[in-house]
Amino acid sequence: MKNTSLLFVLLLFASCNQAQNAKSTTAGSDTSESSRNFQKITKSDAEWKAQLTAEEYHVLREAGTERAFTGEYWDNKKEGKYVCRACGFELFDSKTKFKSGTGWPSFYEPANEYCVGEIKDTKYGWNRTEVVCARCGGHLGHVFKDGPKPTGLRYCINSISLKFVE
């Protein structure tokens, strides 16, 4: 029983954890009219470190992860919007949040078609997709194809990457 529980926790941790590779990404590569209405944010590491706490920097800029069931929003049931903690860009709506049982906030779709970017992630032998903020490139989490209808997707997002706005 103990080994099964440990394996489950390790699998959950691995499903949302990764070290960030170079960001040669599709983030912001959408050329639709809507996506041209925001300006990308580029800052030096020193500027990000001055703006973010050490934990925020580790997750958002180094693709770290928070432990399952410890983040501020994993069980948040309030109505509102989730924006990027680093730049304030709207990412997810509470109407698309669902209880995934993973210990991280989970959404079945982003707020719009251009707010998040995706990066192929094959680190640690996994074949998964990293999710980043399209405006600042901050690491948010990963997206998996085991979510609910209507999309079948599960955006597994670190609470520390988000700010909630009621």
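Residues of the range 41-96 that are among the charged types (D, E, K, R), surrounded by 16 or more Cβ atoms within 10 Å (Cβ to Cβ) and touching a Ser or Thr at 6+ places or on another chain (Cβ under 9 Å): E56, E66, K81, R85.
Residue-level analysis places G101 among those that are over 13 Å from the mean Cα position of the chain (by Cα) and either open to solvent by 50 Å² or more (accessible area, probe 1.4 Å) or among the small types (G, A, S) (or both).
The values are calculated or read from the model by the stated rules, or taken from the named source; none is laboratory data. Values in this document were obtained by computation on a predicted structure and should not be read as measured data. All Cβ positions, even for glycine, are placed from backbone atoms using ideal geometry, and neighbour counts span all protein chains on display. Remember, those area values only see protein heavy atoms, side chains included, never the ligands or the DNA or RNA. Shrake-Rupley method; radii C 1.70, N 1.55, O 1.52, S 1.80 Å.
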